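> I have a structure I would like to understand better, so I am pasting it below and will then ask my questions one at a time.
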Amino acid sequence: PPLTLPRVVQPQLVIRFSFFSFVYFLALNIMSWYPNETGCKNLVTKQGEPPGDTKKEVVCCMTTKAEKPTLQGQRIKTRKRDEKAKYDPVGFRDAILQGLIDAGSDLEAVNKYLDQAGSKLKYRTYGETLFDILIAGGILTPGGGISEDGIDSGPVRTNMCVFGAPDDSYETLRGYAVVFTRLMRRYKYLEKMFYEEMKKVLVYLKGFGEGDRIRLARCVAIWTSDSLLDPKVLATLLQDHLVKDGLAADFICEVLLTAKNLKDLNTVRSLLRKAGLDSRLMEFLQANKRTDENFKNLFQQKGLEEILGIYKNLEKETSLKELQIYLSQQVNEGASVKDIIVGVQEIAKKNSIQEPQIVSAIWSSVMDAVEWNKKEELVADQALKHLRVYAPLFAANTKTDRAELTLLVKVQEFCYDNMNFMKVFQKIVILFYKSEVLSEEVILKWYKDGHATKGKSIFLDQLKKFVEWLQNAEEESEESGEEEED
């Protein structure tokens, strides 16, 4: 007979069923938290395989996360642009050396080969290696040696380079230097690499022979004179180990002597200024030999006596800058005129600065310290009031006629360059005359033939009546002197 359930289920049965259900689900959760090989993993067949297949896969029976599909036998190809080429300077060197061997000793053939090889070989990647070869004949190692990597498979250096030039004459080295010039004109991006290369090569001077250093110095002079190489690279020579061994002094002297012989002394002066070495030549001497006597002997022995004159002039310019800075600071800060006079005399004495240079610096500093009125009718009173304060400073530094005339010409040029001062020139001259800054002899000298060309006719006309008064006063004083003698 069919099984029938009673309509009313006893409460005890319901409680027992609920309790066992709770225990069962709790056990399942605990098993999912602590999986192991024996308790919660079963061997199941892969989907789609017939029963009894020996291929099995271990799958956690309690996980609900679906297995991610995988692609097998698929090869992902890297794009060509994303592939990183192997850096192989030795291989590049071998290719360049072979090309130079084929070109032989003909520099024109070398130029032609290097020009064509740029489209095949990676100059942009191996620029440093390329310049190593063209300068030293092979890949330079730290210290100035030549790398012998790959020596078993072929040559590692060539004589078709600057160091391998047959002699160190200017004519011979000019041909080797032109190789670099033509190469960088063809491939402009090599210019920056060449500058960095030369900084490295100069550090390695100690590792080169004396003949190699001479060849390199003369080529550097050619490159800097032709604007192929920035002269600032020469500042690399001021490294302790190069200065200590005397290599820095010998190298810079050879560069300067070559520049002088190739062109002229102005080229040497320009080279020093562009290199930032115009005021640092003394630093090329060893620390314990930095005296004027040793400095003089060095450049005389090297045939560079003219450098001594250049250096003295540069020292004067440096001293004048120091004086100009001091004056500008004192005037802008409103220091007392007496203190400024003392400070100026100390600087002038220490650096042997002459009065004409001093008074020019004073005029520039005093006039630059004021923001002048834009209105012509007001600027005259402003200028006279300002100059009256500093008249004693001018008077203390115009003890000679030359200094007075220099000041008067400075006033003339300033009034011409600043249109609002065109009508103030006469008043400034009279103020300086009354303050005993300018003498009547110097004013008359200026009026006659000592003036500058700027605004000459205007300023001569302004001072015409004052000069006539001075001349009459001079004649009257002469007549009175003659009467006293009689």
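> Based on the Cβ-Cβ distance from LEU384 to GLU441, what FRET efficiency comes out when R0 is 22 Å, to the nearest 0.05?
Rounded to the nearest 0.05, the efficiency is 0.40.
> Assuming 0.36 nm per residue, please report the length gained on full extension of the stretch SER153 to LEU265 beyond their Cα-Cα distance. Write out the running numbers ahead of the final one.
Values: separation 112, 0.36 × 112 = 40.32 nm, distance 5.01 nm.
Contour length minus Cα-Cα distance gives 35.3 nm.
> Which is farthest toward the positive dipole end of the range 315-479 among GLN462, PHE414, ASN332, measuring Cα position about the Cα centre, with Cβ charges +1 (Lys, Arg) and -1 (Asp, Glu)?
ASN332
> A further question on this structure: Rounded, prolate or oblate, given the Cα gyration tensor of the range 167-277, with a/c below 1.5 counting as rounded?
Working: a/c = 1.32, a/b = 1.22, b/c = 1.08.
The shape class here is rounded.
> Could you check the spin-label model distance between ASP102 and GLU413? Points 7 Å from the Cα along Cα→Cβ, value in nm.
About 6.3 nm separates the two model spin labels.
> Please identify which residues in the range 261-289 have an amide N closer than 20 Å to a label point set 7 Å out from the Cα of ASN351, following the Cα→Cβ vector.
Backbone N within reach: 273-274, 276-283.
> Starting with the fewest neighbours, write out ASP226, ASP168, ASP461 ranked by other beta-carbon atoms found within 10 Å of each beta-carbon.
Ordered from fewest to most neighbouring Cβ atoms within 10 Å, ASP226, ASP168, ASP461 come out as ASP461, ASP226, ASP168.
> Going by C-beta contacts inside 10 Å, put ILE307, ILE214 in order with the fewest on the left.
Fewest to most other Cβ atoms nearby, the residues stand as ILE214, ILE307.
> Still on this structure: Checking the a/c ratio against 1.5 first, then a/b against b/c, what shape does the Cα gyration tensor give for the range 353-404?
Prolate, because a/c is 1.5 or more and a/b exceeds b/c.
> In terms of the Cα gyration tensor, with a ≥ b ≥ c the square roots of its eigenvalues, is the range 89-303 rounded because a/c is under 1.5, prolate because a/b exceeds b/c, or oblate?
prolate
> Grab the beta carbon distance between GLU171 and GLU315, set R0 = 41 Å, and tell me the FRET efficiency rounded to 0.05.
My answer for the efficiency is 0.65.
> The range 318-393: which trypsin sites (Lys or Arg not before Pro) are DSSP loop and have at most 12 other beta-carbon atoms within 10 angstrom?
Sites meeting the loop and neighbour criteria: LYS374, LYS375.
> For the range 151-239, with only Lys/Arg (+1) and Asp/Glu (-1) charged at the beta-carbon, what is the dipole magnitude about the Cα centre, in debye rounded to 20?
Computed charge dipole of the range 151-239: roughly 300 debye.
> Considering only DSSP states other than H, G, I, E and B, which GluC sites (Glu not before Pro) in the range 372-457 qualify as loop sites with at most 10 other Cβ atoms within 10 Å?
Here no GluC sites (Glu not before Pro) fit, given the DSSP loop and packing criteria.
> What is the set of long-range amide H partners of ILE146 at a cut-off below 5 Å, with H atoms built 1.01 Å from backbone N?
Sorted by chain and number, the residues that satisfy this are THR141.
> Sticking with this one: Among THR224, THR141, THR291, rank each residue by its count of other Cβ atoms within 10 Å, from fewest to most, as a rough exposure measure.
THR291, THR141, THR224
> Mind ordering 227-237, 296-306, 142-152 by average Cβ neighbours within 10 Å, highest first?
227-237, 296-306, 142-152
> Give a residue-ordered list of calculated ³J(HN,Hα) values for the range 392-409 (Karplus: 6.51 cos²θ - 1.76 cosθ + 1.60, θ = phi - 60°; whole Hz; x for Gly, Pro).
x, 5, 5, 4, 6, 10, 10, 7, 10, 4, 5, 5, 5, 5, 4, 5, 5, 5
Each value in this text was obtained by applying a stated rule to the coordinates, not by laboratory testing. Not measured: the values here are computed from a predicted model. Cβ sites come from the backbone with ideal geometry, for glycine too, and all protein chains shown count toward neighbours.
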